[in-house]
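What follows is a short report on a single structure.
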Amino acid sequence: MTGLPWGQMPLLLCTRENEMPGGRLKGILAGITLPDGRGLTGPKLLHIAGGSVAVFTALSHAEKLLKSEGFPACVIVAVDSLVDARTLSWLDLHQRLKTSIVTDGLVPGEAAGILVMTRDAASLTAISILGIGFGVERSTLFNETPFRADGLSAALKAALADAGVPMHKVSFRLSDVAGESYAFEELVLAQMRNMREVRPCQDVWHAADCIGDSGAAAGIIQFAWAEQAYARSYAPGKLAALHASSCFGAKAAAIVAPRRPS
């Protein structure tokens, strides 16, 4: 990573959705500076306010920048905190916060991470993104539309098609599910609607059971976890499916595998 032109690569910042109450997001990029004190400006900066789906959107955009603009790499930063009075109050208002009364809820957390996307493998533990897909769910927590997990199913189907692999070849899955039962139901339905052959096991990993719901950072945590699983040789197989689901309807999925420098 030391050979990359730090400070010259496009920077894509991923944060919570605009609909989610919390800290100020407008103009947030204006406060970012380089180590020498210079501010970052220009078309190489992009702020994506999309919650856990934002990192997947950033990766799709970064891929286009690498191909069309000739950049050697793009830097994707994700940061979020649900441990904020405004966010906690909103979650509690919508009965999404896990409490002694509401057991079907999430545990708030916070996290930040950095992902570097390059054309060529930049480290021995680099992973390849074989496919990315997106979808929109019409049934959300805020309406009465019948829930069939159409959005996540479509996102996963698109990611599998992009990667050129069937669902039953995926060894394990990672997800941003954080405790709410509908999110687990969505994950199961998306799997069932894309599985054409039975396989003996397809584990689901979710970091929220250790660190709580980290919002926009949950996406980057999945990629980091997959990378470490391959690097430390505890991944149950080569292909992994990653999932992201916004409560406002946006869905995303990705298929990844280990990669070695060329």
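The values are calculated or read from the model by the stated rules, or taken from the named source; none is laboratory data. This is a predicted model, so every value here is computed, not measured. Quick reminder, even Gly has a Cβ in these numbers, built from the backbone with ideal geometry, and neighbours come from all protein chains shown. Areas reflect the complete protein model, heavy atoms only, side chains present, ligands, DNA and RNA absent. Shrake-Rupley method; radii C 1.70, N 1.55, O 1.52, S 1.80 Å.
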For region 173-262, what's the radius of gyration and Dmax over Cα atoms, in angstrom? 13.4, 43
Label-point gap, in nm, between Asp209 and Ile28 - each point 7 angstrom along Cα→Cβ: 2.9
Going by a ≥ b ≥ c, the root eigenvalues of the Cα gyration tensor, does the chain fall in the rounded group (a/c under 1.5), the prolate group (a/b larger than b/c) or the oblate group? oblate
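Can you give me the Kirkwood hydrodynamic radius for region 56-130, using every pair of distinct Cα atoms, in Å to one decimal?
Hydrodynamic radius (Kirkwood, Cα pairs) of region 56-130 is 15.3 Å.
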Leaving ligands, DNA and RNA out of it, report the carbon-plus-sulfur percent of the accessible area of the chain at a 1.4 Å probe. 56
How much accessible area per residue does the chain have, in Å², with a 1.4 Å probe? 50
Say the dipole of the chain comes from +1 at the beta carbon of Lys and Arg and -1 at that of Asp and Glu; which of His243, Gln8, Ile114 then lies farthest toward its positive end? Gln8
